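The values are calculated or read from the model by the stated rules, or taken from the named source; none is laboratory data. Everything numeric in this text was worked out from a predicted model, so none of it was measured. Every residue, glycine among them, receives a Cβ derived from its backbone with ideal geometry; neighbour counts consider all protein chains shown. Ligands, DNA and RNA are excluded from the accessible area calculation, which covers all protein heavy atoms including side chains. Shrake-Rupley method; radii C 1.70, N 1.55, O 1.52, S 1.80 Å.
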Amino acid sequence: MQAEYIPPGTAASSPLTQKGLAPAVDTFYYDNKIVRDFGIATVFWGIAGMMVGLLAAFQLAQPEANLHTSFTTFGRIRPLHTNAVIFAFVGNGIFMGVYYSLQRLCKAAMYSKVLSRVHFWGWQLIILSALISLPLGFTTSKEYAELEWPIDIAITLVWVVFGWNMFGTIARRRERHLYVGIWFYIATLITVAVLHLVNSAEVPVSWMKSYSAYAGVQDALVQWWYGHNAVAFFLTTPYLGLMYYFLPKAAGRPVYSYRLSIIHFWSLIFIYIWAGPHHLLYTALPDWAQSLGVAFSVMLLAPSWGGMINGLLTLRGAWDKVRTEPVLKFMVVAVTAYGMATFEGPMLSLKNVNAIAHFTDWIVAHVHVGALGWNGFLTFAILYWLWPRLYRTELYSKKLANTHFWLGTVGILVYALPLYWAGFTQGLMWKQFNAEGMLQYPNFLETVLQIVPMYYLRGIGGTLYLSGVFLMVFNLIKTARAGTLLAAEKAQAPALVPAELVEAHQGGHWHRWIERRPFQLALWATVAIAIGGIVEMIPTFLVKSNVPTIASVKPYTPLELQGRDLYIREGCSNCHTQMVRPFRSETERYGEYSKAGEFVYDRPFLWGSKRTGPDLHRVGGKYPHSWHYNHMLDPTTMSPGSIMPPYPWLFENKLDNSTLPAKIRVLQRLGTPYPRGYDQQALADARRQADGIAQDLKKEDIEVMSDKEIVALIAYLQRLGTDIKVKPEQVATAAQ
Amino acid sequence: MWRAALLGAVLLQAGAAAAQQAAPAPPLAASSQTLVLWFLLATLALVVTVFVLVVSLIVIKMQPLLRQLYARPTVHNTWSGKVLGLFVGDNRLVTGENRDELMGHEYDGIAEYDNDLPPWWKYSFVGTVIFAIGYFGYYQVAKAGPNSHDEYETEMRQATLLVSADADDPNKLTTYTALGTPADLSAGKGIFVTNCAPCHGPNAEGKVGPNLTDEYWLHGGEINHVYKTIKFGVQGKGMVAWKGKLSGKQILQVASYVQSLQGSKPAGAKEPQGEKETIKPLAAK
């Protein structure tokens, strides 16, 4: 089948010595301590993030699991879970892998130990601030970008430190050409920076509150350009870079195809950036942008699979090792999970599949195959591979690592399969009409109760997965105890010969040219990732026909605005969408489908991405105030069996109006047409409206102080989607 | 040769049949025409199956000969030769060759092979690009396909065909009489418990919504008035319109159940609202 492979380095001489050049051999030391520290942070935050995930999972089956505090209620801890797993677990995993491999691929120590330290502690502090601020309800509500503006600035600074350290190391490299892993690291560094800066554009109101610089449809487009590419450039490209280093290392085999890595690298980063609109199919996003999202998502299949096959085919000739080596087992499942998730992604982007799957647990299952399988398992593989090397000893127990592997694999299956089932079931139930032409399941709750057993099963799957991680912690601690940390690893390499002296660089593969020019590589990567975003965003922002104006849509009243900010604080959009799609099943259930022009004053947009509860865009005026009052106090009184948690604190807290004038001023600056000087009048208007609602409630025998938070929330909910509401019933009542 | 001729003949016939279908035909002939079309399609499928079987039989029988042909260098490296390879069990065209020649560079001990892109991967990439261009061109450039709004319009038009054009006029009062059979009343009770109890209380004693067991009614207590209130709701007062969620029959069942509760005096009854209106008790069963 294939030629006998002789590991490099065993050959007698390198091309350089053949030419008679005698470069000086430098001695230098790799910094292993920073790798170890990032490794510990990975495991620590991984466990924390997964435990929060488990808590959130069981809350969906058993709302009492919210522990009866506002800080631990689903709407607040779901963003905590996603942020912890993405930025704390995977983030530290990236830095661990990059700091280890970059030094060795560049044959150089990290550029600056101080920068490494600043990077490490800066990142941990950011995570800590997320851990504190998210449960307190400080959130922008934009998914995976929930952290408020001071933390956004801190993220930017730490990211610059990381980039400085990385490019400094690359500049001091003793290896002329950059390995494919480093291309991926560079693309990651640049793109994450661009995504973060553009999506976090917001105007502060106070220390921990800001309004998005974009509104409605535009905000949605920017957010999902960001959200999709956070998956691409935080969960995918850096991990592909890590795969290109650690997989051939662990297998002891050459990378299958150099040419494949070139094609799939450039096509992946170019195409990925365009695919964001597939998160907004059938929404109020202009149709042309939706079609672009579909087209590019389909084209993304092959570039993604290029990474998978280059990984799997690298294992040719090493499959016997896979049977015995837990590191390789984890890698095989990780790369396979990557392949499955990236096959499923384009399929879910087809509009007819998306029509069923979107807003359901199918998507949750899909992302967890990626997160638990690809990111989780590759991280575990790297940790099991690194720890014995960092501590100069053998892994404490292969058997335990194998047990971890099986617990994890079964855990992923028990997690994902029930959720696929649940998503498919619920998606079809929402759409089902009976023979009389009416919804088969008009009561949304019925479709929820149907899948609650699946929520229990997924919780069990998660528990299995997490228990495997605990085994790994034990194994790694035992391994570390058995050896001693080699904090500075001695290495030797010849200094880089000035490029003009090396004739060998002439000719060869054409791509070698850019591989010895980090600046040009970074520049072209920037060009590649910029095009998609620019083409999609600029027309949506500048061409007026993309968001047709609706004259009857007016800005929120001050009290409604306050209610909206409470909706954001409580994370309602984690479970409720505000986007009625143009399907008969949705207009029957919720009312007129949502139009782009309705969201022009929405900063941020609150379309949501998951319907654990029903859509709320047309909830305004549907129920009396008292219904909302009772429902928020105890959802099960109005919807028996509801899995929504109660919100008693909204009935105790007084509405904080101290920043209301500032909010009005910020929105005016952003273009909301409040009258001049309205900030001075807003408070009085808010009080008047609150008194009105309190009086209405009194008529229904509900005594409530008009300065409580619940009154503002009711005001907002009753306003939702009413600006364009057609009201035939009103005509009917009038005629009676 | 005869196979091709037959194939052509069948195709011609199918085309003629399709053309006939397109022409305005008397409605009675439509079913027999469909039958003919199905018959022709079945024949076509049969012929294609036989054709494929015969070709594969020939390929299998001629395997040694084909192999010899394939082994010739002049054939082996041509395009048609590669296709031939598919028939003799060499998947070079799909999987590519793994020459496994090293690139001559290495990074920290990691070397790279100079292998080709796997052809199946390359062609599927090209395929998706063609699909994407076609997709965008079809929907957005040529505007040949429906956009989201068009799809919605079509769906709603189709729905009106399914749902009878039942007078959906809220001003018109129906002329139903209350249902009295135990089956209808227990069905009505089931509907009441899941849909109405949250607001009107499990025993219709009134919570957010009014008490339904007393003689006072806000929107009329006669069965057809109750029917109308349930069906269209009362905008602004919190009564949800149940049309689209409950069928006409279900609405009548639950309205009848509500009437059967007249004077049941449940515990915790809400004070009367609306105007007094005595309802005729249900006819004895």
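Side notes on the structure shown:
- C-alpha long axis of helix A:558-569 to longest principal axis of chain A, angle in °: 40 degrees
- A P(r) calculated from all alpha carbon pairs of segment A:558-719, with 5 Å bins opening at zero, reads 2, 8, 16, 21, 20, 17, 11, 5, 1, 0 percent.
- Full extension of the chain between B:T34 and B:A183 gives 49.2 nm of extra length, using 0.36 nm per residue less the Cα-Cα distance.
- Built amide H within the under 5 Å cut-off of A:L439, gap 5+: A:N434
- Helix A:518-542 and the long axis of chain A differ in direction by around 20°, with both axes built from C-alpha atoms.
- Using alpha-carbon coordinates, inclination of helix A:74-83 to the longest axis of chain A, degrees: 20 degrees
- Note on segment B:81-205: percent of Cα-Cα distances in each 5 Å bin, starting at 0 and stopping at the bin with the largest distance, equals 2, 7, 6, 7, 8, 8, 7, 6, 5, 6, 6, 6, 5, 6, 7, 5, 2, 1, 0.
- Scalar couplings 3J(HN,Hα) for segment A:94-106, obtained by applying the Karplus form with A = 6.51, B = -1.76, C = 1.60 to θ = phi - 60°, are 4, 5, 4, x, 5, 5, 6, 6, 4, 4, 6, 6, 9 Hz; x denotes Gly and Pro.
- For A:K595, the lysines whose Cα comes closer than 18 Å to its Cα, not counting residues fewer than 8 places off in the same chain, are A:K544, A:K554, A:K725, A:K727.
- Residue ranges B:51-60, A:418-427 sort as A:418-427, B:51-60 when ordered by packing (mean number of other C-beta atoms within 10 Å per residue, highest first).
- Cα-based shape type of the protein assembly as shown, given that a ≥ b ≥ c are square roots of the gyration tensor eigenvalues and the cut on a/c is 1.5: oblate
- The separation of segment A:22-45 from segment A:543-595, counted between C-alpha centres, amounts to 50 Å.
- Peptide A:434-445, shielding by other chains (average Cβ, 10 Å cutoff): 4
- With a Cα cut-off of under 12 Å and a minimum spacing of 8 residues unless on different chains, the lysine pairs in segment B:182-276 number 5.
- The average projected area of segment B:133-245, computed from the convex hull of its Cα atoms over all directions, is 11.2 nm².
- Taken one residue at a time, the phi angles of segment B:192-198 give Karplus couplings (6.51, -1.76, 1.60, θ = phi - 60°) of 4, 4, 7, 9, 9, 4, x Hz. Gly and Pro are set to x.
- Using a probe of 1.4 Å on the protein chains alone, the accessible area found for A:L417 is around 110 Å².
- Efficiency of FRET between A:I477 and A:T324 - r from beta-carbon atoms, R0 30 angstrom, step 0.05: 0.80
- Computed from the Cβ-Cβ distance with R0 of 60 Å, the FRET efficiency linking B:V94 to A:N434 stands at 0.80.
- Cα centre as origin, Lys/Arg/Asp/Glu Cβ charges: segment B:78-216 dipole, Debye: 440 debye
- Think of each Lys and Arg Cβ as +1 and each Asp and Glu Cβ as -1; about the Cα centre, that makes the dipole of the protein assembly as shown roughly 1840 debye.
- Over chain A, relative contact order from alpha-carbon pairs under 8 Å, at least 6 apart, %: 17 percent
- When +1 charges are put on Lys and Arg Cβ atoms and -1 charges on Asp and Glu Cβ atoms, the dipole computed for segment B:182-276 relative to its Cα centre reaches about 360 debye.
- Under 5 Å, built H, 5+ apart or other chain: amide partners of A:L720: A:G620
- Listed by chain and number, the lysines placed with their C-alpha closer than 26 angstrom to that of B:K122 are A:K351, B:K82; residues fewer than eight positions away on the same chain are left out.
- Using the Cβ-Cβ distance between A:D685 and A:F71 with R0 set to 41 Å, the FRET efficiency from 1/(1 + (r/R0)^6) comes to roughly 0.85.
- Bridgeable lysines around A:K708 (alpha carbons under 21 Å apart, same-chain partners fewer than 8 residues away excluded): A:K209, A:K654, A:K663, A:K698, A:K699.
- Average other protein chain Cβ within 10 Å of Cβ, residues A:283-296: 4
- In plain terms, the chain from B:S56 to B:H225 could stretch by 53.5 nm, reckoned as 0.36 nm per residue minus the Cα-Cα distance.
- Once the Cα gyration tensor of segment B:61-133 is diagonalised, semi-axes √(5λ) in Å: 29, 21, 9
- Candidates A:H628, A:S141, A:I643 compared by Cα position along the dipole of chain A: farthest toward the positive end lies A:S141, with charges placed on Cβ.
- Ranked by the mean number of other Cβ atoms within 10 Å of their residues, highest first, the peptides A:439-447, A:489-497 fall in the order A:439-447, A:489-497.
- Inter-label distance, nm, simple model (7 Å from Cα along the C-beta direction), B:L65/A:Q520: 5.6 nm
- Table column - 3J(HN,Hα) (Hz), segment A:672-685, Karplus curve with 6.51, -1.76, 1.60, x for Gly and Pro: 6, x, 6, x, 4, x, 5, 4, 7, 9, 4, 4, 4, 4
- Once B binds A, the 1.4 Å probe can no longer reach about 6300 Å² of accessible area, counting both sides.
- Ordering B:W120, A:L616, B:T160 by Cα displacement along the dipole of the protein assembly as shown toward the positive end leaves B:W120 in first place; charges were set at the Cβ atoms of Lys, Arg (+1) and Asp, Glu (-1).
- Mean residue ellipticity at 222 nm, helices only, chain A: -19500 deg cm²/dmol; runs of at least 4 DSSP H residues each add -39,500 (n - 2.57), and the sum is divided by the number of residues.
- Amide H partners (placed H, <5 Å) of A:K708, local residues excluded: A:L655
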